[in-house]
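Chemist: Can you keep this structure in mind? I'll have questions shortly.
Coordinate-derived values only; no laboratory data. Remember, predicted model here, so these are calculated numbers, not experimental data. Glycine gets a Cβ as well: all are built from the backbone with ideal geometry, and neighbour counts include every protein chain shown.
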Amino acid sequence: MQKILTATCIVMICIFTLTGCIKKSLPGLPDNAIAFEMETFQDKKHDDALFGTIEYNGRVYIPYGTINNHYNQSHIASCIGYIIQDEQSSSVVDPNNTDRRIYTLSNDPEHNFLMEYDASTKLMNQPGFFRAMDTKGKSIFIPNYIDTLEYEFWEE
């Protein structure tokens with residue numbers, strides 16, 4: 001009986017290890033990575049709020065939300081590039097840093113959302129989600145793992 005119990009435990013450990021109990025890493029930067037330059041959008045209708053923007057495939061994206069507890073790395077399709085650090089910022093040590101990466105989502109074929117993730121931070125790092133500005137006021141699919149930050153700009 002002891003041998004059967006031991007063998008069962010070993011098999012269970014192997015199954016859990018092989019099926020993904022270990023954290024998977026995010027896709028790396030591709031050879032043709034896009035260097036995204038941040039711009040600024042001023043929401044004049046809502047207290048002149050300022051948003052950092054990025055442009056991808058002719059669409060402008062601004063911050064929308066963060067993750068909730070339904071998120072896992074299978075929601076990430078691919079890494080498409082990184083955000084260029086502003087050389088004028090006092091918080092930037094290395095303007096050639098490529099750690100602030102931009103990802104597409106696997107269940108968002110229209111690319112209404114992009115995810116930003118700082119690959120250099122290992123603990124307590126939460127991705128942020130940008131939403132295409134041209135989706136404002138439209139009924140679009142919002143993945144269940146994205147929680148809105150309730151910016152006034154996105155209110156309908």
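Chemist: Could you give me the residue pairs with C-beta distances under 7 Å whose first residue belongs to the range 44-69 and is more than 17 Å from LYS136 (Cα to Cα), whose second residue is aromatic (Phe, Trp, Tyr) and in a loop (DSSP other than H, G, I, E, B) wherever it lies, and which are 6+ apart or on separate chains?
Modeler: From residues that are more than 17 Å from LYS136 (Cα to Cα), the pairs are ILE67/TYR145; ASN68/TYR145.
Chemist: Let me ask another. How many residues does the range 109-156 contain that are charged (D, E, K, R) and touching an Asp or Glu at 6+ places or on another chain (Cβ under 6 Å)?
Modeler: The total comes to 1.
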